[in-house]
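Okay, structure first, notes after.
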Ligand code: NAI
């Protein structure tokens, strides 16, 4: 009798707990989300799935009120409709960009969606600078050489960043943080943004895009991916860049027409390329493909250039940023549950 009462109570308690399906979940997501959950003691069960969310995998959200997603999860109209049909009512993006969400379908279905707009702009900005200086001073190649007992400097020649002109495209949170660091290096900083941040005035001058491209030794992209910014860097804009300049993209892959960039590298017009994001990254990034044959020939070509540095979307990847992502995601969920106003709700 006592045992069956206990069973009944356990079932009731479990039914009362909110279920969240997390897609694209990596071991570090589990670690930081479980740590944040333990601090809050919220009646919540997170079901971690390492698979990406798409039309086939959406079924994993059965019986869940919310899904928690990342940059390469698909949230087009078909996936949102399927999730809605399964009972999902809230989309929790554990990232800043939301170019992967069909906002019209979201509104039509009356679903809640919120993102983490600023977990650590400095984390991404610092990674952009790490890439610039790695590529410029060839520390990655020097590391390999020294391990082989090769101390020759030929091929490792860089330039002094101090005194160079750096162009920041998109002067929002990450662009500003990047501009501050570049200023600290002694660069002359130029910015371009249709909605310029007043804070940028203390760091540099706002100029039209063409002027920024023509004058900058380093061009770093920090604008969101929208229909207006897709392939912002293309054959024509590449042609307007200063010969030998370095292009850096830690924002979204499709800001760049990758094929046009390859042609500019082959023509030796573009001096160097550093990318933390790639147009077709969803098929590659965040997974170990080291035992497979990678079929993407465009990506394969990029890896053959000595003056190209690629990292796999790790700009956000710091302890501080991951803690903040988990905390803000839970705040967004609590807002939705309470029906209170949420500053991070989409579109915003
Ligand atoms: P934000 O919203 O603070 O700033 C974006 C800025 O871009 C705004 O000032 C906006 O006016 C500007 N902008 C819009 N259209 C533009 C155009 N055509 N040309 C120039 N500027 C334009 O966003 P935040 O936090 O600085 O993030 C920027 C982007 O960085 C995100 O959209 C996301 O794609 C990317 N990101 C990458 C991460 C990584 O791990 N690599 C992590 C976090 C964000």
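A few remarks follow.
- Residues of the range 198-228 that turn out to be within 11 Å of the ligand (Cβ to nearest atom), assigned to a loop (DSSP other than H, G, I, E, B) and either within 13 Å of residue 166 (Cβ to Cβ) or touching a helix residue (DSSP H, G or I) at 6+ places or on another chain (Cβ under 6 Å) (or both), as a count: 2
- Residue list for the range 100-120, restricted to those being at pLDDT 95 or above and within 14 Å of the ligand (Cβ to nearest atom): 101, 115, 116
- Residue match in the range 276-296 (condition: touching a strand residue (DSSP E or B) at 6+ places or on another chain (Cβ under 7 Å), modelled with pLDDT of 95 or more and over 24 Å from residue 178 (Cα atoms)): no
- Meets criteria (within 13 Å of the ligand (Cβ to nearest atom) and either over 25 Å from the mean Cα position of the chain (by Cα) or in a loop (DSSP other than H, G, I, E, B) (or both)) for residue 178: no
- Candidates 191, 186, 170 - the one that is within 12 Å of the ligand (Cβ to nearest atom) and either in contact (Cβ under 8 Å) with a residue 40 or more places away in the chain or over 26 Å from residue 316 (Cβ atoms) (or both): 170
- Count - residues of the range 246-260 that are buried (at least 23 other Cβ atoms within 10 Å of the Cβ) and free of Cβ contacts under 8 Å to residues at least 60 places away in the same chain: 4
- Within the range 108-133, residues that are free of Cβ contacts under 8 Å to residues at least 40 places away in the same chain sit with their Cβ atoms under 7 Å from residues that are away from the ligand (no atom under 15 Å from the Cβ) and in a loop (DSSP other than H, G, I, E, B), at 6+ positions apart or across chains, in these pairs: 111/89.
- Any chance residue 42 is more than 16 Å from the ligand (Cβ to nearest atom), part of a loop (DSSP other than H, G, I, E, B), modelled with pLDDT under 95 and in contact with a strand residue (DSSP E or B) (Cβ under 9 Å, 6 or more places away or on another chain): yes
The values are calculated or read from the model by the stated rules, or taken from the named source; none is laboratory data. Please read these numbers as outputs of a predicted model, since none were measured by experiment. When we count neighbours, we look across all protein chains shown, and the Cβ atoms used for this are built from the backbone with ideal geometry, even at glycine.
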